[in-house]
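Scroll down for the structure; my scribbles are underneath it.
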Amino acid sequence: MNENLTIAISKGRILEQSLPLLAQLGIQTQEDPNSSRKLVFTTNDTNIRLIIIRATDVPTYVEYGAADMGIAGKDVLMEYDGDGLYEPLDLGICRCRLSLAGPGQTRVINRRPRVATKYLRTTRDYFASQGKQVDIIKLYGSMELAPVLGLADLIVDLVESGNTLKANGMVELEKIADISSRLVVNKAAMKMKQALIKPFISRLAAIL
């Protein structure tokens with residue numbers, strides 16, 4: 001197994017934009033991951049296989065050695081509580097931003113503001129850095145609906161064009177962080193499989 005590399009990639013846009021990068025390195029899957037229900041894919045490089053998993057699981061698989069490397073969004077990595085990863089490359093794909101947003105019309109709030117988000121850790125740190133106290137409500141999707149229905153006053157979510165916010169009568173108030181997809185590497189694998197991993201990183205860096 002020390003002669004093989006397993007790369008974990010999150011489903012969706014990251015997968016779609018990662019495959020062309022890998023193709024530039026001459027690495028292609030034997031089957032199309034976008035049309036298959038399989039989760040493990042061999043490639044034309046016998047030393048490399050891909051596993052396709054949920055975005056939030058990528059750093060866990062990599063840190064605990066089920067995968068040697070992974071590709072995940074910076075938003076996921078900011079939420080991850082672990083120290084077994086290196087983050088050697090910003091791949092520059094799936095760019096967006098993590099932002100604080102709220103209703104376009106100012107509302108008077110006579111209590112501690114409620115903020116809806118799935119980014120609990122990042123949101124907590126953001127408001128703590130400003131010395132503000134808020135109540136954080138965890139949601140998994142449809143953040144823009146929370147202020148519309150009075151569940152929350154503000155949201156913290158990913159923003160790309162801003163069109164979804166605008167369609168729901170909301171505006172972007174402040175950018176918290178620029179987001180893009182990053183390559184992460186298991187720390188132990190970097191040492192034990194450096195003959196495979198370091199050239200891979202160098203070749204990938206050269207095409208970015």
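All of the numbers you see were taken from the coordinates with simple rules; none came from a lab. On a predicted model such as this, the values are computed, not experimentally measured, just so you know. No Cβ is skipped: glycine too gets one built from the backbone with ideal geometry, and neighbour counts run over all protein chains shown.
How many residues does the stretch 6-21 contain that are surrounded by fewer than 20 Cβ atoms within 10 Å (Cβ to Cβ) and under 15 Å from ILE52 (Cα atoms)?
Of the residues in that region, 7 qualify.
Residues of the stretch 193-208 being of a type in the set (D, E, K, R) and surrounded by fewer than 20 Cβ atoms within 10 Å (Cβ to Cβ), which ones?
LYS198, ARG203
I need the full set of residues from the stretch 152-194 which are under 19 Å from VAL62 (Cβ atoms) and in a helix (DSSP H, G or I), in order please.
The answer is LYS187, ALA188, ALA189, MET190, LYS191, MET192, GLN194.
Just for the stretch 28-42: of the residues that are of a type in the set (A, V, I, L, M, F, W, C) and farther than 29 Å from GLU160 by Cα, which one is surrounded by the most Cβ atoms within 10 Å (Cβ to Cβ)?
PHE41
Do the conditions hold for ILE155, that is, is it surrounded by 14 or more Cβ atoms within 10 Å (Cβ to Cβ) and either hydroxyl-bearing (Ser, Thr, Tyr) or under 19 Å from the mean Cα position of the chain (by Cα) (or both)?
For ILE155, the condition - surrounded by 14 or more Cβ atoms within 10 Å (Cβ to Cβ) and either hydroxyl-bearing (Ser, Thr, Tyr) or under 19 Å from the mean Cα position of the chain (by Cα) (or both) - is met.
GLN133: among the polar types (S, T, N, Q), part of a loop (DSSP other than H, G, I, E, B) and touching a helix residue (DSSP H, G or I) at 6+ places or on another chain (Cβ under 9 Å), yes or no?
Against the criterion (among the polar types (S, T, N, Q), part of a loop (DSSP other than H, G, I, E, B) and touching a helix residue (DSSP H, G or I) at 6+ places or on another chain (Cβ under 9 Å)), GLN133 qualifies.
Take the residues in the stretch 177-192 that are of a type outside the set (S, T, N, Q) and within 15 Å of the chain's Cα centre (by Cα); name whichever of them is surrounded by the fewest Cβ atoms within 10 Å (Cβ to Cβ).
Per the stated criteria, the residue is ASP178.
Every residue in the stretch 58-96 that is more than 25 Å from VAL40 (Cβ to Cβ), of a type in the set (A, V, I, L, M, F, W, C) and either surrounded by fewer than 17 Cβ atoms within 10 Å (Cβ to Cβ) or free of Cβ contacts under 8 Å to residues at least 60 places away in the same chain (or both), please.
The one that is more than 25 Å from VAL40 (Cβ to Cβ), of a type in the set (A, V, I, L, M, F, W, C) and either surrounded by fewer than 17 Cβ atoms within 10 Å (Cβ to Cβ) or free of Cβ contacts under 8 Å to residues at least 60 places away in the same chain (or both): MET78.
Take the stretch 117-142 and flag every residue that is touching an Asp or Glu at 6+ places or on another chain (Cβ under 9 Å), free of Cβ contacts under 8 Å to residues at least 40 places away in the same chain and under 13 Å from SER99 (Cα atoms).
LYS118
In contact (Cβ under 8 Å) with a residue 12 or more places away in the chain, farther than 30 Å from MET192 by Cβ, outside any helix (DSSP H, G or I) and over 17 Å from the mean Cα position of the chain (by Cα): does that describe ALA101?
yes
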